[in-house]
Amino acid sequence: MDWKGQRESDNVDDARGRASSGGGGGIGGGAFSLLALVGRKFGIKGILGALVLGFALVKCGIVDLNTLLGGGSVGPGQQTQVSPEDEERFRFVKVVLGSTEDVWTKEFARIGRKYEQPGLQVYRGRTQTGCGTGSAEMGPFYCPADRKVYIDLSFYDELAQTFNSPGDFAQAYVIAHEVGHHVQKLVGTSDKVAAMQGRPDYNEYSVRLELQADFLAGVWANHSQQTLKLDRSDIEEAMRAANAIGDDAIQKKMQGRVVPHSFTHGTSEQRTRWFQKGLLSGKIEDGDTFSMPYKDL
Ligand SMILES: [Zn+2]
């Protein structure tokens, strides 16, 4: 896979250095209300005096100007520096998202529709989303409410270490799967499935939805084969990732056994097979995971 130098998406939001509590401006606001209070008590001279004092404190390094102005939502204990590896991963995510934008814009045009691009947020630890609080333990996910993909980059370490899928393309596949959920949102499939929540067979519909997202990741791979110079080993890597993050593999890892009725993503074999189907076909309409009997999926 050769991704460097390819177009980077403009829809990626970098929240790695941002505090998850949604603070920001709190301290700055405090500084302003303090000034207002001084103004009420001591008039304009009081404000000037306070400003001079504030300036002196900043100048002497006693107070950090950034903190005073409220730009300091990242505290001193938090990491604001980004390692070169993380920066590289960040650019990688932007290129992969950009590639999904190109592919789906074309593919939607072919079926006479307009593709609306999703957002993607890269965060660290925890983040607020339109679907509640996102955390690193959840792995990458798509939130239909704000039409955004959320990725904590540490997931990629986990993918490499826990699931033995270290390569670039395995990471790209994960993004393409989440973008697949966005495609499902745009064509109305995910809303139909969401409306079935509470039904006893809901889990089956959820599996159908997940396998279709794998199919859609395969469609993306079909179209980006040339631009990203994908080769056989990349595809094998994606299959390994699909294999490694199937529900049966995850459950075996986590609990030491497989509990089929609680599957929500499909088995490793099913995920690999639907990804491969998408890869071979390259056409959105070939990914009907809803019509066939559940046992034949
Ligand atoms: Zn999914």
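Where a number appears in this text, it was derived from the coordinates with a stated rule and is not lab data. No experiment lies behind these values; they were computed from the predicted model shown. Cβ placement follows ideal geometry from the backbone for every residue including glycine, while neighbour counts extend to all protein chains displayed.
Go through 223-232, 106-115, 93-102 and give me the packing order, highest mean Cβ count within 10 Å leading.
Put in order of decreasing packing, that is 93-102, 223-232, 106-115.
For the stretch 89-296, give the share of DSSP beta bridges that are antiparallel, in percent and rounded to the nearest 5; count only bridges with both residues there.
55 percent
List the pairs from 4/148; 114/283; 94/192; 114/185; 4/229; 4/106 whose alpha-carbon separation is above 19 Å, in the order I gave them.
Pairs exceeding 19 Å: 4/148; 94/192; 4/106.
Treat the count of other C-beta atoms within 10 Å as a stand-in for reagent exposure and order 183, 12 from fewest to most.
Least crowded to most crowded, the residues run 12, 183.
How high is the relative contact order of the stretch 89-296, in percent, counting Cα pairs under 8 Å that sit 6 or more residues apart?
20 percent
Binning at 5 angstrom from zero up to the longest distance, how are the C-alpha pair distances of the stretch 89-296 distributed in percent?
All Cα pairs considered, the percentages come to 1, 7, 16, 20, 23, 18, 11, 3, 1, 0.
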